[in-house]
1. E:Asp98 is checked against (1) within 14 Å of chain B (Cβ to nearest Cβ); (2) of a type in the set (Asp, Glu); (3) not in a loop (DSSP other than H, G, I, E, B) and fails just one. What number does that condition carry?
2. If a residue has to be among the aromatic types (Phe, Trp, Tyr) and at pLDDT below 85 to count, how many in segment D:154-187 make the cut?
3. So, C:Ala101, is that one open to solvent by 10 Å² or more (accessible area, probe 1.4 Å), touching a helix residue (DSSP H, G or I) at 6+ places or on another chain (Cβ under 7 Å) and part of a helix (DSSP H, G or I) or not?
4. Quick one: how many residues across segment C:217-255 are more than 10 Å from every other protein chain (Cβ to nearest Cβ) and assigned to a helix (DSSP H, G or I)?
5. May I ask you to say which residue of C:Leu324, C:Leu332, C:Leu338, C:Leu310 is within 14 Å of chain B (Cβ to nearest Cβ), surrounded by 19 or more Cβ atoms within 10 Å (Cβ to Cβ) and assigned to a helix (DSSP H, G or I)?
6. Among the helices (runs of 4 or more DSSP H) lying completely within segment D:1-77, list those that include at least 1 residues that are under 30 Å from B:Pro540 (Cβ atoms).
7. How many residues are over 18 Å from D:Lys120 (Cα atoms), aliphatic (A, V, I, L, M) and within 12 Å of chain D (Cβ to nearest Cβ) when one looks only at segment C:73-122?
8. Being open to solvent by 10 Å² or more (accessible area, probe 1.4 Å) and more than 9 Å from chain B (Cβ to nearest Cβ) narrows it down to one of D:Asn137, D:Asn146, so name that one.
Amino acid sequence: MSSYEIFVIVFIMALVMVLGGSVIGLLLSPKSENAQKGEQYESGIPTRGTSWMQFKVGYYLIAILFLMFDVEAVLLFPWAVIMKGLGAEGLYAVSFFLVVLILGLAYAWRKGALEWK
Amino acid sequence: MEDIKKLLAKVAPGKEVAEGTQYPTIELEPNEVRAVAKKLKEAGFDYLINLTGVDYTDALGTVYHISSSTNKTAVVVLKTKTADREEPVLYTVSDIWKSADLYEREVYDFFGIRFIDHPDMRRIFLRGDWKGFPFRKDYNEVNDTPTTNVNIDSLETLPSITLDKEGKIIEKSKQLFGNNEYVVNFGPQHPATHGVLHLRVSLDGEIVKKVDPNFGYIHRGIEKMCESLTYPQILPYTERLDYLSGSINRHAFCMCVEKAAGIEVPQRAQYIRCIFDELTRVASHLLGWGCMAMDMGAITAFIYGMRDREKIMDIFEENAGGRLMPAYSIIGGLTKDVVPNFQQTVSDFVAYMRESIKEYHTLFTGNPIATGRMHNVGWLTKETAVALGTTGPTGRASGWSNDVRKLAPYAAYDKVKFNEVLRNTDTCKGDSFDRYIIRLDEVLESLNIIEQLNDNLPTDGVNVKVPAIVKLPEGEYYQRAESARGDFGVYIKSDGNKNPYRVKFRSPCMTLISALDPLCKGEKIADLITIGASLDYVIPCADR
Amino acid sequence: MSLELIDGINKIHTLLTDNIEATWVSLIEYVLVGLGFLTLYALIALFLIIFERKICAYFQCRLGPNRVGPWGIFQVIADMVKILTKEIIPLKHNDKLLYYAAPFIVIMGSLLTFGGLQFAEGVYGVDFNVGVFYLLAVSSISIIGVMLAGWSSNNKYSLIGAMRSGAQVISFELSACLSMMAIVILGGSMNLSALMAAQEDAWFIFQSPFTWVALVIYLIAAHAETNRGPFDLPEAESELTAGYHVEYSGITFGFFYVAEYCNLFINAAIGTLVFLGGWQALHIPGCEGFNAVMDAIPSYIWMFGKTLVLIFLSLWVRWTFPRLRIDQLLHLEWKIMLPFSLANILLMAIWVIYFK
Amino acid sequence: MEVKNLRVKSMNHVTFNDNEYLEQYVEELKKGGVNVAIGCLDDCINWGRSHSVWPLTFATACCGIEFMCVGAARTDFARFGWEVTRNSPRQSDVVFVAGTIVNKMAPVLKRLYDQMAEPKYVIAMGGCAISGGPFKNSYNVVKGVNEIIPVDVYVPGCPPRPNAVLYGMLQMERKIKLEGFFKLPKKPAITPEEKVWAERLAKEEEARKAAKGIK
Amino acid sequence: MKKYFTDIFSGIWNLLKGMKITGKVLVSPAVTECYPEKRDELQPKERFRAELTMPHNENNEHKCTACGICAMNCPNQTITVNKSKITDENGKSKIVLDQYLYDLGSCIFCGLCSRVCPQGAIEFTNNFEHAVYTRSKLIKQLNKPGSKKVEVAKPVAPAAKPASAPAQQEKEAAPKQENENNQ
């Protein structure tokens, strides 16, 4: 196997698996009709209103923080690979970078951004 | 007793205290009730034990059993009735005693009595479109079983009535939830509602804004059925109220009938009944502990709890012949004597259980995730607990001493030394953790009681002669007992026949459920489940 | 054996190239490789399901499945047959396209990660120079499926479940990423084969004390990413009944079920490869006899054995602890694991520069 | 498959109750003629289905506690592969009606049953579910769940002990093993009541669409 | 700061202690009783009530006099006693039992019927395997076909339940109760 074809193969295989399974399921399974079958399940009680409505999500801040740290992590990876070559100097440079990052975390912590509200 | 009579003469001047009753009783006109109730409350009677609706055939009325959180043994009974059967109205006391809220809804549901100024006069147990009021003696409507209409709309509006200046009734109604609220149904079929409780929860993200508990998904009308059954026939139904403390309920009913009929039960039977009560309590708390763990996601802990509970079931099965429903107490004693190796089995179990409790503490109590989820969640202050009438371990976790075994000892409880397990109110305010830990402590205390009783088992018989047809003299009887969930009460009104005229069971669970909304406000969904589990209610007990 | 396997594959390859046109050869080979992957994927899921059910039963002093086949080993086959023949319910009021795409994305995410693993010496689908990076990236694709499933069902429970899973997975993604970075610093490469080679003499956990910290952080984070308890908030049986897949029935639910177990394997396998030496045998420098004995054990046994140990650890945790609440979860990630892993990177870098 | 050839591990054919029902069922199946290939496939699928019965967690009262006991360590229905209790009706195969069904609960149970995926089964556990049991004289209790949904196995007891429930589940295993899988789909006719419900749903749907249009 | 670290480490320590408990269970034997495999050993305890029966002796005779007290005492009409009046050869009319029907599907196993039976003709046994496919199968006829009342036991010896005091005196009161019902 040379290289990147694997993704195509895996993609196709996932498709095969899901489609194949679903087709078998659809073909074999017995079916029945009734008025309530397609309704939403909510402990046996009809849903009040729709589920797709404005909904307060507490993780909005978390998502932004994640974005920040994830981008930094991506930036750190190349350094990690060649760290041995860069030696102590590289470490100092990066630790400056990391300290800024940690300060950011401390700030968010202090401001209560890490609490679930 | 004399002090209370004096007090009653003060709060209700000119009213006669009825003679020959179990508790000091006064009868009031409907419009006097609120004034007397307020004065009683000021005099320290802050705990409404029970509110019973009664159909006197010529009138409809209510009976209030009131006690106090300070003067714990005192009980006062108020009665009132209205002769209007077409449009009966009474005055609410739900603003004086918060626990009256649900009781009055129940009276409305059963008898059709509406309470003036009660904020929420929805039917509580029966469907919104139910025809008639089943507990009236002249009820003969036929309601068929629907299979499709879930009838959710009737839950949305809160009707209420109020009086205008001329004394005319004005109907009002209020919406329960706003149109854009995110309302999620938890239950009736839900793993964490401990039965078929239906909670309508208004959410703001993860935060609970409002909880509206709906009852009646297991309302079987036991009390109504009792009116056409003889006393021995009622016994199996008492076990099916709160099936986790079945023996205790049955014991309470037996005691009530025995006291009324003047039957003296042999000591041995009393002792064995108490051992069974305590075993039931241990079993119930084990299940409660397990379910709480399972609701918090620790399924293994639940299985361990059930594993040890099976040992109690074995004792029940061997002696009484039933597992969950032992059916051991009968009027006048027990069905059979215990098996010869009973004492040995019980003492083995006590020793085993003491070790197990230690294991539970290491497995679950010490777990930082569990403690983190229980600490500082769902604070129930002592005042709220008394106002809501949340008795039992829940009340005691808030520092309210309300153990019926202590304050009105029955059966053999005055012959054993035990402590009422209370959580220190200085260090904790009755959060979920207190309600959790108090159950395990109570198990240890129960084991103490069992050990003492088991070691000193008297040898007189286990039952006495009772007439084949038990008839109670005319009158009203009330018996309290400490079930695994709190103050269980049996109210029997007899007219001298072999069937009772009215039976009411004071369910400790109903008040526990009413605590859900105040406790959960502002907490998270996960806390809703933890708080519900820590209250440890049993829905069939609340619904009856 | 793995080397013989490679030989065998090479022989088939030459056999095919001798007889058929080159394009057809590669096509056939692709199909064969794909089918191989799929079979392995399904087999691992099936094995893990029964493994978990048995182990969980033993933790709970029960016996677990034991009536279908010897020791109940055919239990999962029965489950599979059952789930294949269950009805797939046509829902009303849902977003049809996303609803049916969600299981596909979940499966694809875990299959892609699966493709990046090394199962034995020389047995792997692809060998990148950014292998670790690739694994990290594709393993988080599944979460999109989970969120789509929760949203498209138009069900309140599943929506809350999806929201929670979003918050949870993106948080723990970070720790997983940073703990891997410590290893990249130590190994000096992101290529899995290079990392394997670096562990020939001693696994990474024996090379530096800070690898242990990284390993613990990685295991917690990986466990959280599989949405299994104590981190099963998106499913939260007792709160949201079944969470994000509450509306899925039949085989569509089965896909989530299978993917969950495969993700369990994948996370343990990544942990094994990166921290525990992957398919490398246990070597003690200077102890030739011992090393020879260890070398005699085939590499795939090392790989799967170590993976199973990690999976067992994960099961042990799952069946002991209660579920975390969402704020505890964030506390754990942002206030404990993230500072620790940041500090760990620095310390690891210092260790590598000054002590190695 | 003949009833006699039905194998349940460590239980004998004659120890089971109500074999007449199964024999009659087999007779009816045979009337339509037996295709060997389909029969064989039937057996394979039924083998799988009968060993993987996932119950819905549905408990209303006392029987629910005994049902928990069945799942706990002493009896452990995991041995049969039935321990995967699903909380969502979509993923479960059998609903144990454990406890009393009252008037208010009946529509909920019906809705849950309707929402379950085919093939689905019902076990009435305990007196209340079978006939209303202790409460059959009550004004609010459904006198047997078979008035609402079709019941496959009745497990009497009040409540039945855990082993009795296992026995009931083995009975169901036998029933599933005999079924003609490809003849299964039984579409219950839509009752007039359901029509009312369907109309209401349609109205809601319209309202929903209208609301979307405004946005 | 110190609290932060002590919290973390005490937390981890407590988690490990919990894992030790489950680990201990993992290696100790399971408590599961294998029901169908060990069916013979797993009979319930003797007193367990699982089914009402009417014991018959070897001559196919039972003790029931068809008085109907059991049916009267049953809280939910589980028992139906069908009886008929026949005239025997001596010209005496007597009541005989035609059918003793027992609805297992609604029995609540309270034991009231067997306790009040003046003859000790019915008793609970502990056979619990009753699951069926059809509801009508749960209605059982307890008197075997062709059976009749045992004749010798005229003065009923309370051998079946000697110790039970209420049973005895309820026996005495039994005819009275019946009369009351007839009025």
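1. (1) is the only condition that E:Asp98 fails.
2. Step one: filter segment D:154-187 for residues among the aromatic types (Phe, Trp, Tyr), giving D:154, D:167, D:181-182.
Adding the requirement that they be at pLDDT below 85 leaves D:181-182.
Looking only at that region, the number is 2.
3. Working: open to solvent by 10 Å² or more (accessible area, probe 1.4 Å): yes; touching a helix residue (DSSP H, G or I) at 6+ places or on another chain (Cβ under 7 Å): yes; part of a helix (DSSP H, G or I): yes.
When the stated conditions are applied, C:Ala101 passes them.
4. Restricting attention to segment C:217-255, the residues satisfying the condition of being more than 10 Å from every other protein chain (Cβ to nearest Cβ) are C:217-228, C:234, C:244.
Okay, now just the ones that are also assigned to a helix (DSSP H, G or I), so C:217-225, C:244.
Within segment C:217-255, residues that are more than 10 Å from every other protein chain (Cβ to nearest Cβ) and assigned to a helix (DSSP H, G or I) number 10.
5. On the way: C:Leu324 fails: assigned to a helix (DSSP H, G or I); C:Leu338 fails: within 14 Å of chain B (Cβ to nearest Cβ); C:Leu310 fails: within 14 Å of chain B (Cβ to nearest Cβ).
It is C:Leu332.
6. Numbers: elements: D:19-31, D:36-51, D:62-71.
In segment D:1-77, D:62-71 are the helices (runs of 4 or more DSSP H) which contain 1 or more residues that are under 30 Å from B:Pro540 (Cβ atoms).
7. To start, the set of residues in segment C:73-122 that are over 18 Å from D:Lys120 (Cα atoms) comprises C:73-77, C:92-122.
Of the ones still in play, those that are also aliphatic (A, V, I, L, M) are C:73, C:76-77, C:97-98, C:101-102, C:105-108, C:111-112, C:117, C:120.
Within this subset, residues satisfying the condition of being within 12 Å of chain D (Cβ to nearest Cβ) are C:73, C:76-77.
Here the count works out to 3.
8. That would be D:Asn146, the only listed residue that is open to solvent by 10 Å² or more (accessible area, probe 1.4 Å) and more than 9 Å from chain B (Cβ to nearest Cβ).
The values are calculated or read from the model by the stated rules, or taken from the named source; none is laboratory data. Since we're looking at a predicted model, the values are computed, not measured. Every residue, glycine as well, gets a Cβ built from its backbone with ideal geometry; the counts of neighbours run over all protein chains shown. Side chains included, ligands, DNA and RNA excluded: accessible areas come from the protein's heavy atoms. Shrake-Rupley method; radii C 1.70, N 1.55, O 1.52, S 1.80 Å.
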